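Chemist: Questions regarding the structure given below will be posed in turn.
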Amino acid sequence: MPSCTTCRSAPTSMTTKEEQKMAVQKLQWQPTESAELRDEVLQKVRFAAERLKDADPNANPNTFLGSGAAGLCLLFGQLDRLFPEAGWDLVGHQQLVTIQQRLQTQGAPNLSLWSGLGGILLAVKALSRDGQRYQTMIGSLLRSLVGSLREQLPDKRAGIANDLVMIDYDTIGGMAGVGRVLLAFADREEVQAALADVLHYLIELCGEKEAHGMLVPAWHIHCHNHYRDDEKESFPKGSFNLGLSHGISGPMALMSLALLQGIEVPGQREAIRRTADFVQGFQVTHDGEPLWPGRVSFDNWREGVAPTVGVRDSWCYGAPGIGRAVWLAGAALGDDSLQEAGAAAYRGIAKREDSKHSMDAPTICHGWGGLMHLVQRMQADTGQPELAVCRDDLARLVLSTFSEAHPFGFDDSKPVTDPGLLEGAAGVALTLLSLVTDEAPDWDAVLMIS
């Protein structure tokens with residue numbers, strides 16, 4: 001067990017307060033009240049799941065969470081949870097066999113949540129029937145993750161000053177995502193020190209460094225470390241990314257989720273506060289409702305002026321993801337004003353028609369499915385009645401893209417041929433299933449929203 005300088009309390013035995021909180025969360029989760037919508041969801045999800053079950057595994061060599069077999073495991077695990085006698089656990093097992101074979105021959109390219117070893121761990125967990133199965137596999141994968149993390153973190157820390165790139169720290173490819181994986185296994189003693197190390201890294205990231213003759217937040221990305229040429233032209237002095245997928249909202253959400261789970265290291269609260277203040281400092285309004293930019297340039301930061309923001313109500317960037325992270329920060333810190341800021345963002349989403357028309361896909365990353373699920377999650381936590389109406393409207397948009405002529409049932413501007421989670425059919429099906437379950441799902445931990 002780590003000392004008090006790394007983790008304030010061990011999550012191995014749940015406190016009465018935590019048990020009560022989980023019970024409240026389960027009671028709060030409210031599926032749709034529309035019997036017609038429930039029937040349509042189940043019919044179309046079954047169709048998509050059967051197509052995904054029968055898909056040739058060799059047609060998609062990707063093993064990982066974003067667009068591969070690991071994402072399918074989350075779907076089959078949730079189906080097994082809802083319909084335990086239907087054999088979905090066996091379907092999921094075949095995916096795990098494929099994953100294991102590919103790991104043995106190809107290995108994992110990195111530790112990340114969405115394209116590496118971390119996501120595979122959550123895939124196995126999803127099929128474990130609450131820890132009753134696959135414990136040997138989970139233990140082996142965890143040892144590999146923790147060992148590699150120990151080797152890599154010193155270089156990650158050293159790179160903050162000048163060589164920082166988004167996938168060093170973000171939800172998709174970086175330490176925030178790896179931290180979320182570790183948090184899911186925080187009851188294991190061998191994981192606790194590694195989780196504390198990740199939290200310390202993120203706290204350092206939320207400190208300061210020098211850039212252009214000034215002290216700036218340490219998560220500033222220098223111009224030469226932007227990936228695309230147009231980004232380098234738009235941000236000649238670098239930028240600060242606010243998004244939940246690639247920006248500082250991911251680390252802020254992870255540190256907040258850890259704190260809500262009773263896990264704290266020195267400086268964690270202060271780091272949450274600094275990042276929340278930064279994000280809130282660049283909030284703008286659209287017809288009186290809160291929005292945030294995806295990025296803030298160095299000059300905007302120096303002048304304290306928010307850039308022009310258009311409506312993009314997606315998980316990856318925009319009010320849904322950032323608003324959820326702000327709400328989590330408020331919950332962790334006991335700050336009602338931050339929680340209200342997050343809740344207000346969702347009232348704005350429910351109010352404006354632009355939310356529905358700023359996207360044209362049923363998928364998670366930047367589509368109606370992801371928005372629908374975030375609205376559902378916030379409705380469960382805040383009880384705002386307008387969010388239930390908004391959620392059902394978004395569900396109908398997702399379902400409207402369905403056709404049996406499409407490979408996996410759903411489409412956007414073209415049929416969804418990706419079987420995976422982030423921009424694929426498994427993700428669409430999972431978001432829809434959340435409308436018909438009486439208990440809060442746990443798969444959405446991969447979105448850094450729970």
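Chemist: Under a Cβ-Cβ cut-off of 12 Å, what is the net charge of the residues other than G243 that fall near it, where Lys and Arg count +1 and Asp and Glu count -1?
Modeler: Every neighbour counted, the sum reads +2.
Chemist: Could I have the simple spin-label model distance between R38 and E353, label points 7 Å from Cα toward Cβ, reported in nm to one decimal?
Modeler: So the label points at R38 and E353 sit 3.2 nm apart.
Chemist: Kirkwood hydrodynamic radius, the stretch 316-450, all distinct C-alpha pairs: what's the number in Å?
Modeler: About 15.0 Å for the stretch 316-450.
Chemist: Just W368, W292, W219 to compare: in a GNM of the chain, with alpha carbon springs under 10 Å, which one fluctuates most?
Modeler: It is W219.
Chemist: Taking the square root of 5 times each eigenvalue of the Cα gyration tensor, what semi-axes in Å does the equivalent ellipsoid of the stretch 102-181 have, largest first?
Modeler: Taking √(5λ) for each Cα gyration eigenvalue gives 25, 12, 11 Å.
Chemist: A further question on this structure: Please report the equivalent ellipsoid semi-axes of the chain, computed as sqrt(5 x eigenvalue) of the Cα gyration tensor, largest first, in whole Å.
Modeler: Each semi-axis is √(5λ); the values are 31, 27, 22 Å.
Chemist: If you don't mind, there's one more thing I want to ask. Defining a contact as two alpha carbons under 8 Å apart and six or more residues distant in sequence, what relative contact order in percent does the chain show?
Modeler: With pairs under 8 Å counted, the relative contact order is 20 percent.
Chemist: For V436 and H212, what is the calculated FRET efficiency with R₀ set at 45 Å and r taken between the beta-carbons, to the nearest 0.05?
Modeler: The value I calculate is 0.30.
Chemist: Something else about it: Can you flag which of K53/K125; K125/K351; K209/K232; K125/K156; K209/K351 are past 29 Å Cα-Cα?
Modeler: K125/K351; K209/K351
Chemist: Please name which of I120, G318, M372 has its Cα lying farthest along the dipole of the chain towards the positive end, using unit charges on Cβ (Lys, Arg +1; Asp, Glu -1) and the Cα centre as origin.
Modeler: I120
Chemist: Using a ≥ b ≥ c from the Cα gyration tensor of the stretch 370-410 (square roots of the eigenvalues), is it rounded, prolate or oblate, where a/c under 1.5 gives rounded and otherwise the larger of a/b and b/c decides, a/b for prolate?
Modeler: It comes out prolate by the Cα gyration axes.
Chemist: For the stretch 162-350, what is the charge dipole size about the Cα centre, in debye to the nearest 20, if Lys and Arg each add +1 at the Cβ and Asp and Glu each add -1 at the Cβ?
Modeler: Using Cβ point charges on Lys, Arg, Asp and Glu, the stretch 162-350 gives about 200 debye.
Chemist: Shifting gears a bit: Heavy atoms only, 1.4 Å probe, whole protein assembly: order H212, H226 by accessible area, highest first.
Modeler: Listed by decreasing accessible area, they come as H212, H226.
Chemist: Could you tally the net charge around G383, taking each other residue with its Cβ under 14 Å from the Cβ of G383, Lys/Arg +1 and Asp/Glu -1?
Modeler: Neighbour charge sum, excluding G383 itself: 0.
Chemist: Could I ask something else about it? Could you state how much accessible area H224 has, in square angstrom rounded to the nearest 10, with a 1.4 Å probe and all protein chains kept in place?
Modeler: The accessible area comes out at roughly 110 Å².
Chemist: Which residues does a label at E386 reach in the stretch 272-302, if reach means a backbone N under 20 Å from a point 7 Å past the Cα toward the Cβ?
Modeler: From the stretch 272-302, the list is 283-292.
Chemist: Obtain the radius of gyration and the Kirkwood radius of the stretch 346-402 from its C-alpha atoms and give Rg over Rh.
Modeler: 0.94
Chemist: Pick from L145, L82, L433 the residue whose mean-square fluctuation is largest in a GNM of the chain, springs joining Cα atoms under 10 Å.
Modeler: Ranking L145, L82, L433 by mean-square fluctuation puts L82 first.
Chemist: What length, rounded to one decimal in nm, is gained on full extension from S400 through to R150, with 0.36 nm per residue of separation minus their alpha-carbon distance?
Modeler: Using 0.36 nm per residue and subtracting the Cα-Cα distance, I get 85.3 nm.
Chemist: Using the heavy atoms of the protein chains alone and a 1.4 angstrom probe, what is the accessible area of the stretch 162-350 per residue in square angstrom?
Modeler: About 33 Å² of surface per residue is accessible.
Chemist: Right, next: Report the local net charge at A253: Lys and Arg +1, Asp and Glu -1, summed over other residues whose C-beta lies under 13 Å from its C-beta.
Modeler: Combined, the nearby Lys, Arg, Asp and Glu give +1.
Chemist: Sticking with the crude label model, points 7 Å out along Cα→Cβ, report the distance from D336 to D54 in nm, one decimal please.
Modeler: Going from the D336 label point to the D54 one covers 5.7 nm.
Chemist: Among G427, G173, G87, determine the one that fluctuates most according to a GNM of the chain built with springs between C-alpha atoms less than 10 Å apart.
Modeler: Of G427, G173, G87, the Gaussian network model singles out G87 as fluctuating most.
Chemist: Turning to a different aspect of this structure: How large is the Kirkwood hydrodynamic radius of the stretch 162-350, in angstrom, based on all distinct alpha carbon pairs?
Modeler: 16.6
Chemist: Let me ask something additional. What's the carbon and sulfur percent of the chain's accessible surface, probe 1.4 angstrom, rounded to a whole number?
Modeler: The nonpolar share, carbon plus sulfur, comes to 49 percent.
Chemist: If each residue of separation counts as 0.36 nm, what is the full-extension length gain between R143 and D130 once their alpha-carbon separation is subtracted?
Modeler: Difference between extended and current length: 2.7 nm.
Chemist: Can you give the accessible area of D381 in Å² (nearest 10), computed on protein heavy atoms with a 1.4 Å probe?
Modeler: In the full protein context, D381 sits at about 40 Å².
Chemist: Quick one: putting +1 on the C-beta of Lys and Arg, -1 on the C-beta of Asp and Glu, what dipole do you get for the chain around its Cα centre, in Debye to the nearest 20?
Modeler: 680
Chemist: Please compute the length gained on full extension between N62 and T285, using 0.36 nm multiplied by the number of residues separating them and subtracting their Cα-Cα distance.
Modeler: Length difference between fully extended and current span is 76.2 nm.
Chemist: Grab the DSSP H runs of the chain that are 4 residues or longer, score each as -39,500 (n - 2.57), total them, divide by all residues and round the 222 nm result to the nearest 500 deg cm²/dmol.
Modeler: Taking each H run of at least 4 residues, the total per residue is -17000 deg cm²/dmol.
Chemist: Next up: How big is the C-alpha Rg of the stretch 295-384 next to the rule-of-thumb value 2.2 N^0.38 Å, as a ratio?
Modeler: With N residues counted in the stretch 295-384, Rg over 2.2 N^0.38 Å equals 1.13.
Chemist: Here's another thing I want to ask about it. If you count only protein heavy atoms and use a 1.4 Å probe, how large is the accessible surface of M359, to the nearest 10 Å²?
Modeler: Approximately 20 Å² of M359 is accessible to the 1.4 Å probe.
The values are calculated or read from the model by the stated rules, or taken from the named source; none is laboratory data. Just so it is clear, the structure is predicted and the values come from calculations on it, not from any experiment. FYI the Cβ positions are ideal-geometry reconstructions off the backbone, even for glycines, and counts take in every protein chain you see. For accessibility, only protein heavy atoms count, side chains too; no ligands or nucleic acids. Shrake-Rupley method; radii C 1.70, N 1.55, O 1.52, S 1.80 Å.
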